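Below is one structure, written out as structure tokens; the observations come after it.
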Amino acid sequence: MESWIIATDTARLGGILTAARQIGGHVTAAVVGPRSLADAVAAAGPDHVRWYACRDGAPPEAYAPQVAEAVQKAAPRVVLSSTASAGRVLLGAAAAKLGAAVVSSVQTLAVEGDIVKVGRAAAQGKVIETLDAAGAVACIFDGEDVAPAASQPATVEEVRAEDPGDSLRVVETSPDSGGSAGLRTAARVVSAGLGIRAKGDLTLIQDLAAALGAEIACSLPVCDDMRWYGPERVVGRTHNQIAPDLYIAVGISGQPQHAVGVRDAKVVVVINNDPKATFFKICDYGILGDLYKVVPALTEALKQVG
Amino acid sequence: MNPMKIVVVFKFLKNPEDARVGSDGSVDWRGAKMAVSDDDPAAIQVARNLAAAGGEIVGLTVGDGDAAWAAARGASSTVIVTDAQSNPDAAATGAILAAGVRRIGDADVVLIGDSAWDYGVSVALASQLGWTALAGVSSATMDGDRLRATRKFGDSTQVIEVARPAVLAVFASRAEQDAPGMKEVLAARKKPQIKLTLADLDLTPADRVISRGTKLPDTTAARMIDGADPAAAATQLVTALRAEGVL
């Protein structure tokens, strides 16, 4: 069975490609964006890459009708994208042309006879639901980003795209502020939540960050309600999504809006005095205790390690 | 400039946070309360901003929940597709919503919360309407006659001019500010509610996917350390982190 991947970025690319390979057939990637993106996707190892370069001022979504038509002609059984906004719009357009089902939070794919079995996260990730698709299915992939099996890079075919017109026109682009950039590339991050009771207590966070050589981040309410840090320090779905080697969450309950910001971190440590904190269910290490005692103790222990 | 007709889609669901999972992976939804999607307040806030330049807001919802939700927040009327069922196939929900938008007629913009509970609904709705669409939108304004939407794109923020009619799927970046007061809530119940069924819209329930049940995910549990002795806990953690190679 054939599958298509629609890519507007490299998020979860390995995981998406691995899922596509479970279907067993030819894998084509439709890439909408710069040549560097097409090359990155090709390197991951689909069988073929069809690349749509975005004309000046045209966002990827402007190419939805053309990409959808190409998918319709190829009639794959499965179409995949990441959760990236632009990729989803393109996937939606392709699904409508195919008359395909659209399933989100997809974690796994498999084939059983004529049925495509889609495993998707449900009830806020507390369970995996298995769905049987008898026909074409478009999947918004949100599963583990496993490294794909080693393979030859695909050939990149540049599609001679038609002018997408002016329904969508980028009139302004502003890069995110410098604070974000430091946070985005940091190997270690210490993050402050509402468990911190007073602004003066942030010295605990600063000392731990200094001992670790870490950047400081925070949860959304610490910025919006307490105004202790600016939005460039916020980790979460609508602010910074980061992938450090080590993320230490201090006094953060771990609501999905925040937790999704660090789902690609290598090691997540949670320090919280609430045994029911959601973050404990998804972290790697959890310390159940009073952060006002645990954080200084941790800072001290790190200084001794040297 | 002609006054705009803005449709705001809102959706009440059983709050997945309240769902209880058994050791066999089965889900008990009985204790779950209905809640509006996290992003819907942001979507109707954008609607109010756009309507301020001259426009009418119409609410559109499916299934159960507080049918007066949009009316309490600025909608002059609401259309409800009463017998629409929850469906893991977002294309099915998209088709129902698209039919609702077409029934309302002459909409310039459709706003919908771009909910993490199902990232497929907003894009399925847009593609079933065949309209220009943007997802992950944080805000939108009218610049004279033109619609401008702001969204994050990689490491940047973009402002995009959008031709109408269009679907904008909105991300909330904060909890609802300025929730309606009792006065708005009571007045909302008096605003017109148009109830439709799938049959009224010439739709039959779609069954492109069939659920085969749920199971627990294969995740390894967190290593919990008792923080009652902070110094011991700290040492234990540091040792473990060194072994993981992150220190």
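Numbers at a glance
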| quantity | calculated |
| --- | --- |
| Whichever residue in the stretch B:1-42 is of a type in the set (Gly, Ala, Ser) and part of a loop (DSSP other than H, G, I, E, B) and, among such residues, is farthest from residue B:169 (Cα to Cα) | B:23 |
| Matching residues, the stretch B:46-85, being more than 20 Å from residue B:146 (Cα to Cα) and of a type in the set (Asp, Glu) | B:64, B:66, B:83 |
| Count of residues meeting criterion [without any contact (Cβ under 8 Å) to a residue 60 or more places away in the chain and closer than 21 Å to residue B:69 by Cα] in the stretch B:107-137 | 2 |
| Selection from the stretch B:79-98 of residues that are in a loop (DSSP other than H, G, I, E, B) and among the polar types (S, T, N, Q) | B:82, B:85, B:86, B:87 |
| Selected residue (criterion: farthest from the other protein chains (Cβ to nearest Cβ)) from residues of the stretch A:165-200 that are β-branched (Val, Ile, Thr) and part of a strand (DSSP E or B) | A:190 |
| Which listed residue is of a type outside the set (Asp, Glu), surrounded by 18 or more Cβ atoms within 10 Å (Cβ to Cβ) and farther than 21 Å from residue B:125 by Cβ, from B:72, B:84, B:43 | B:72 |
| Residue selected from the stretch B:168-180 under the condition surrounded by 15 or more Cβ atoms within 10 Å (Cβ to Cβ) and at the interface with chain A (Cβ under 9 Å from one of its Cβ atoms), by the criterion farthest from the chain's Cα centre (by Cα) | B:173 |
| Residue A:223 farther than 25 Å from residue B:234 by Cβ, crowded, with 16+ Cβ neighbours inside 10 Å and of a type outside the set (Gly, Ala, Ser) | yes |
| In the stretch B:107-138, residue surrounded by the fewest Cβ atoms within 10 Å (Cβ to Cβ) [restricted to those that are more than 7 Å from every other protein chain (Cβ to nearest Cβ) and farther than 15 Å from residue B:40 by Cβ] | B:130 |
| Among the residues listed as B:155, B:207, B:202, B:145, the single one being modelled with pLDDT under 95, over 20 Å from the mean Cα position of the chain (by Cα) and not assigned by TED's automatic domain parsing to the domain that holds residue B:49 | B:207 |
| Listing of strands (runs of 3 or more DSSP E) fully contained in the stretch A:55-164 that carry 3 or more residues being more than 18 Å from the chain's Cα centre (by Cα) and at pLDDT below 95 | none |
| Positions within the stretch A:40-54 being outside any loop (DSSP other than H, G, I, E, B), over 24 Å from residue A:163 (Cβ atoms) and touching a residue at least 60 places away in the same chain (Cβ under 8 Å), in sequence order | A:42, A:43, A:44, A:48 |
| Residue among A:238, A:203, A:299 that is modelled with pLDDT under 95, β-branched (Val, Ile, Thr) and surrounded by fewer than 22 Cβ atoms within 10 Å (Cβ to Cβ) | A:238 |
| Filter result for the condition that a residue is at pLDDT 95 or above and more than 10 Å from every other protein chain (Cβ to nearest Cβ), over A:243, A:259, A:217 | A:217 |
| Strands (runs of 3 or more DSSP E) contained entirely in the stretch B:177-240, each with at least 2 residues that are under 30 Å from residue B:103 (Cβ atoms) and in contact with a Pro (Cβ under 8 Å, 6 or more places away or on another chain) | B:209-215 |
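The values are calculated or read from the model by the stated rules, or taken from the named source; none is laboratory data. Please read all numbers here as calculations on a predicted model, not as lab measurements. All Cβ positions, glycine included, derive from the backbone under ideal geometry; neighbour counts span all protein chains shown.
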